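Have a look at this one before I ask anything.
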Amino acid sequence: MPSEKSELRRRVRAARDAWSPEQRADASAGLCAAIVALRPVAGTVMSYVAFGSEADLSTINDAVLADGHRLLVPRVEGTEIVAVERVPGGETRRSSFGIEEPVGPAVDPAEIDLVLAPGVAFDRRGGRLGYGAGYYDGFLPKLPAGTPVIGVCFSVQVVDAVPVEEHDVRVDVVVSERGVEGGRPAGD
């Protein structure tokens, strides 16, 4: 299965990378609108800061802060990610991935009300394929039961099936610029 995952990562990243910056910007705007249309209710939102050709959620991130909610983003610490509060004008440092990560203490996952999770590929059953380090697969089980996890991506990243191993964590809903693309079936 590792080679199957590697091939899918390569194929989907190539398709996403082939989009022009304008296509990605338009699709990111559509994705943010689709997330807003879901009307997720949350006081503390864990989102992310896009890198490379990932979907840009800066519009959502700005809206979370403007609405007086708490915005958390992941920070890599060794082989794990932790959630750290992002505040306007707060101190950041560039990670090994080239992402500006906030400086500050890790936030207890029990405080998170909603997660917007990136990935390389998603399927319509909530299967998520990350970049291969297992950061989110290690982090998501730390959330309180029932915390909604929305997988966010471009439509080109939605595939028929993501190879899923026992340790892989599914997302509750998959959203692209086209709207809801799928999610975890009831009882999964």
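Please treat every number below as a calculation from the coordinates, not as lab data. If you're wondering where the values come from, they're calculated on a predicted model, not measured in any experiment. In this analysis, Cβ positions are derived from the backbone assuming ideal geometry, glycine residues included, and neighbour counts consider all displayed protein chains.
Of all beta bridges DSSP finds with both residues in segment 2-183, what is the antiparallel percent, to the nearest 5?
Expressed as a percentage, antiparallel bridges in segment 2-183 total about 55.
Can you tell me which of Pro21, Pro88, Pro141 moves the most in a GNM of the chain? Springs connect C-alpha atoms under 10 Å apart.
With Cα springs under 10 Å in the chain, the top fluctuation among Pro21, Pro88, Pro141 is at Pro88.
Pop the C-beta distance of Asp160 and Leu38 into the FRET formula with R0 = 30 Å and round what comes out to the nearest 0.05.
0.80
Which of the GluC sites (Glu not before Pro) found in segment 135-188 are in a DSSP loop and have at most 12 neighbouring Cβ atoms, other than their own, within 10 Å?
Passing sites in segment 135-188 are Glu165, Glu166.
For segment 16-93, just say rounded, prolate or oblate: build the C-alpha gyration tensor, square-root its eigenvalues into a ≥ b ≥ c, call rounded for a/c under 1.5, and beyond that prolate if a/b exceeds b/c, oblate if not.
Taking the square roots of the gyration eigenvalues as a ≥ b ≥ c, segment 16-93 is oblate.
Output the peptides 145-157, 99-111, 60-72 sorted from most to least packed, where packing is the average of other Cβ atoms within 10 Å over each peptide's residues.
145-157, 60-72, 99-111
Quote the FRET efficiency, to the nearest 0.05, computed for Ser20 versus His167 with a Förster distance R0 of 41 Å and r equal to the Cβ-Cβ distance.
FRET efficiency, Ser20 to His167: 0.70.
For the chain, calculate the relative contact order in percent as a whole number, restricting contacts to Cα pairs under 8 Å that are 6 or more residues apart.
Result for the chain is 24 percent.
With the cut-off at 1.5 for a/c, could you classify segment 2-183 from its C-alpha gyration tensor as rounded, prolate or oblate?
rounded
Under a crude label model (7 Å from the Cα following the beta-carbon direction), how far is Glu77 from Ala145 in nanometres?
Label at Glu77, label at Ala145, 2.7 nm between them.
Now, a different point. Applying 1/(1 + (r/R0)^6) with R0 = 35 Å to the Cβ-Cβ distance of Ser6 and Ala106, what FRET efficiency is obtained, to the nearest 0.05?
0.70
For segment 142-179 and segment 1-74, what is the separation of their C-alpha centers, rounded to whole Å?
12
Okay, moving on. Between Arg93 and Arg178, what length in nm is gained on full extension when 0.36 nm per residue of separation is reduced by their alpha carbon distance?
The span from Arg93 to Arg178 would gain 27.2 nm if fully extended.
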